[in-house]
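Student: Sharing a structure, written as structure tokens. Questions coming.
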Amino acid sequence: MFFPILKALHLQGFLDFGYLPANSWENLESRPMNLYALWTDGDSWRSEFQGVINRGENIRINSNSLRPEMLATGICLIYPTADELMPKLDLLPKKPYWFSNVPEWRCTSGLFNEGAQTSYQAEIYPLPSKASMLTFHPFIQFNEIDNYLLVLNITSEPAIETHQIELFNSSNLERYGLAEVRTNSASVIELDEFGFTSSDLPLFISKTMAGIPFGLGIAKDGSMLSLEHTHPPASLVLFGNRNQIQSKIKKGWFQRIGEFK
Amino acid sequence: MKKSDLLRKAKYALWIPRKITRNPKTKGSVISDLFPLRSDSQWQTHFELLNVAGLISGDNALTQDKYARFIFFDGDGEKLAEKLISIPSSGRKTVFLNSESDPSISSRASSFAVFHESSRDGLDIGESFLAERGYTGYSLSNSAIRGYVHGNFDSLSYKDGKIKAIGNKGLLTRLYTVQHPLRGPATYEFFLSNPTPRPVSVKVLHGNESKKWSEIERFELKSKGSRIFRVEKEDEGVSFIRIRSKFYLGRPVVFRISGRGLDVFHG
């Protein structure tokens, strides 16, 4: 399990996390933990020791305290571990030292400018290299705001690969455009140029890359920021075989998109 | 085995067999979160109404009128009002919820649920239930834009006019530490709701960096009830909030107000 530090556009990122589990019974780990920053150069995962955190302590890391190459892809991971890591890794470490299920052990990760900050409760696990993404995006706001789609992707392998994301109107399946997203990156796509209206529900599809999609809004005067992720399609239902339903939802939409092309 | 480990495992055994949310059992029920309603001269709430059934079926173009049932509750969980709002034929409708501009929403309302029609749609979702996990945007009167947050947890089911709270609670009291260190200067407001069918006693603890905890609130939340408690964080030091209750997941929605900025997220 990793905690992400982001950097997007002119915004700096922050990560605020504590060695304090959300519940008092799932994980009684109390050893001091080494904190490593992990980032990819495209060929290897690079690791750098950041310090030790003791049980009960809290740490905030801002992106402007990290070297530019650590955030070249827009995302740097923090990994708490009792082990020592080599400076170069072929794959991301697998062993989680902090874990809980009810709920997941999370941190606060977000973006900030001079006058505002926005955040979400974050943890990130590597996504499969071969996967897809389908998301409906109701976060576009109008008037004094700039709207972006932010797509986070982390895989165990360090490669930075470029994939395509297609943008549609979910009602009439009109194709609004195409954009690029990358693995092991925080990809930012400007949405205002595509001409979505306030009653459109944009549909974003990548058939070759999974990702965690966010709506990022920046007030033009900088006084407020907005960041929230959409749910995966499985969240449209509860109980039963949600994975099967998610597959069916994706298959149905991919099929319809194919028919309209 | 250490005594502390044994105790933990015993507690685990007592807690784990039950899930955070109970299966509604009645086929065709629909599920909704209990969303915070911030509705006064300062606050504005916008709900993003989508055609959830259409998103599942793969066809978001409506050929007939459909409605979603908005139900409003007061802080004691009493139902105050119900509104049918048409599902957008174009994909998205941003519904402005404000008791001052809409008299059908009581000024006492503090939360709401959104139930979609399920059985009429003939959706092939097997043993699953259609759920509204929602995206709600909040703003203050001086905010330039809205801050969005998705649903916190599945709370209520609806079928044939009957609303059931489907959250679970445990046998033993437990602690939930809000996974956000409070940093000032900022005003924090925490919205906590009771998704279980029975009243739940809640203690709110505020801790400093040395983890000395002091009780700042104590209240009982009735079923479907909700409460907002506030922490003024004037300094830049870090502090923490803990919820002591029998909730499986005593997780609040957090509103952080600083300057003209508003940050909203589930904690």
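Student: Round to the nearest 0.05 the FRET efficiency obtained for A:PHE99 and B:ARG218 when R0 = 25 Å and r is the Cβ-Cβ distance.
Tutor: Working from the Cβ atoms, E equals 0.20.
Student: If you plug each phi of the range A:224-232 into the Karplus form 6.51 cos²θ - 1.76 cosθ + 1.60 with θ = phi - 60°, what whole-Hz ³J(HN,Hα) values come out, in order, with x for Gly and Pro?
Tutor: Going residue by residue, I get 8, 10, 9, 9, 7, 9, 8, 7, x Hz, with x marking Gly and Pro.
Student: Helix-derived [θ] at 222 nm for chain B: sum -39500 (n - 2.57) over DSSP H runs of at least 4, divide by residue count, nearest 500?
Tutor: Working: 2 runs with 19 residues, N = 267.
That calculation yields -2000 deg cm²/dmol at 222 nm.
Student: Once both axes come from the Cα atoms, what is the angle between helix A:242-260 and the longest principal axis of chain A, in degrees from 0 to 90, rounded to 10?
Tutor: Orientation of helix A:242-260: about 40 degrees from the principal axis.
Student: Using amide H atoms built in the peptide plane, which far-off residues or other-chain residues are under 5 Å from B:ARG92 H to H?
Tutor: A:LEU201
Student: What per residue convex hull volume, in Å³, comes out for the protein assembly as shown when only alpha-carbon positions are used?
Tutor: Numbers: hull volume 77.0 nm³, N = 528.
Convex hull of Cα atoms, per residue: 146 Å³.
Student: Compute the angle between helix B:3-15 and the longest alpha-carbon principal axis of chain B, please, reported from 0 to 90 degrees and rounded to the nearest 10.
Tutor: Once rounded, the angle reads 20 degrees.
Student: Another question, then. Pull up all non-local amide H partners of A:TYR36: gap of 5 or more, or a different chain, and H-to-H distance under 5 Å with H placed in the peptide plane.
Tutor: Answer set, sorted by chain and number: A:GLN50, A:TYR79, A:THR81.
Student: Where Rh denotes the Kirkwood radius from the mean inverse Cα pair distance, what is Rg over Rh for the range A:126-166? Please list the in-between numbers first.
Tutor: Details: Rg = 13.8 Å, Rh = 13.0 Å.
Rg divided by Rh gives 1.06.
Student: Roughly speaking, what % of Cα-Cα pairs in the range A:1-72 are separated by over 20 Å, rounded to a whole number? Please report the intermediate quantities before stating the final value.
Tutor: Values: 957 of 2556 pairs.
Beyond 20 Å sits 37 percent of the P(r) for the range A:1-72.
Student: Another question, then. Taking amide H positions as placed 1.01 Å from N in the peptide plane, with prolines and chain starts having none, which residues 5 or more places from A:GLN12, or on another chain, fall under 5 Å of its amide H?
Tutor: Long-range HN contacts for A:GLN12: A:PHE112.
Student: Say each of A:PHE142 and A:LYS251 gets a label point 7 Å from the Cα, pointing the same way as Cα to Cβ; how far apart are those two points in nm?
Tutor: 3.8 nm
Student: With N denoting the number of residues in the range B:161-225, provide Rg(C-alpha) divided by 2.2 N^0.38 Å, to two decimal places.
Tutor: 1.35
Student: If you don't mind, another one. Could you tell me the relative contact order of chain B? Use alpha-carbon pairs under 8 Å, at least six residues apart, and round to a whole percent.
Tutor: Result for chain B is 22 percent.
Student: Quick check on chain A: helices-only [θ] at 222 nm, where DSSP H runs of length 4 and up contribute -39,500 (n - 2.57) each and the sum goes over total residues. Nearest 500, please.
Tutor: Taken over chain A, the calculation gives -2500 deg cm²/dmol.
Student: Kirkwood hydrodynamic radius, computed over distinct alpha-carbon pairs, for the range A:83-139: how many Å, to one decimal?
Tutor: 15.4 Å
Student: Which ³J(HN,Hα) values, rounded to whole Hz and listed in residue order, are derived for the range B:19-25 from phi using the Karplus coefficients 6.51, -1.76 and 1.60 in 6.51 cos²θ - 1.76 cosθ + 1.60 with θ = phi - 60°, glycine and proline given as x?
Tutor: 8, 4, 10, 8, 5, x, 6
Student: Karplus couplings for the range A:66-72 from phi (6.51 cos²θ - 1.76 cosθ + 1.60, θ = phi - 60°), rounded to Hz, Gly and Pro as x?
Tutor: Karplus values, whole Hz, x for Gly and Pro: 9, 5, x, 5, 6, 10, 4.
Student: Across all directions of projection, what mean area in square nanometres is found for the Cα convex hull of the range A:34-167?
Tutor: The number I arrive at for the range A:34-167 is 10.6 nm².
Student: Something else about it: Which shape class, rounded, prolate or oblate, goes with chain B when its Cα gyration tensor gives a ≥ b ≥ c as root eigenvalues, a/c under 1.5 marks rounded, and past that a/b bigger than b/c marks prolate?
Tutor: The shape class here is oblate.
Student: Still on this structure, I have one more. Only loop residues by DSSP count here, and only those with at most 14 other Cβ atoms within 10 Å; note down the GluC sites (Glu not before Pro) in the range A:169-212 that meet that.
Tutor: Sites meeting the loop and neighbour criteria: A:GLU174.
Student: Still on this model: So for the range B:41-102, averaging the separation of alpha carbon pairs under 8 Å that are six or more residues apart and normalising by length, what relative contact order in percent results?
Tutor: 46 percent
Student: Under 1.5 on a/c is rounded, so check that first for the range A:146-261, then, if it is not, pick prolate when a/b is larger than b/c and oblate when it is not; a ≥ b ≥ c are the square roots of the alpha carbon gyration tensor eigenvalues.
Tutor: Verdict is rounded for the range A:146-261.
Student: While we're here: When only Cα pairs under 8 Å and 6 or more residues apart are kept, what is the percent relative contact order across chain A?
Tutor: 20 percent
Student: Rounded, prolate or oblate: which fits the range B:185-267, taking a ≥ b ≥ c as square roots of the Cα gyration tensor eigenvalues, rounded meaning a/c under 1.5, else prolate when a/b beats b/c?
Tutor: Note, shape of the range B:185-267 comes out oblate.
Student: Compute from the Cα atoms of the range B:18-62 the Rg and the Dmax, the latter being the longest Cα-Cα distance, and quote both in angstrom.
Tutor: In Å, with Rg to one decimal and Dmax whole: 15.6, 41.
Student: Compute from the Cα atoms of chain A the Rg and the Dmax, the latter being the longest Cα-Cα distance, and quote both in angstrom.
Tutor: Rg then Dmax for chain A, in Å: 18.9, 57.
Values quoted throughout were computed directly from the atomic coordinates according to the rules given, and no laboratory measurement underlies them. Since the model is a prediction, treat every value here as computed from it, not as a measurement. With ideal geometry, Cβ positions are generated from the backbone for all residues, glycine too; neighbour counts draw on all protein chains shown.
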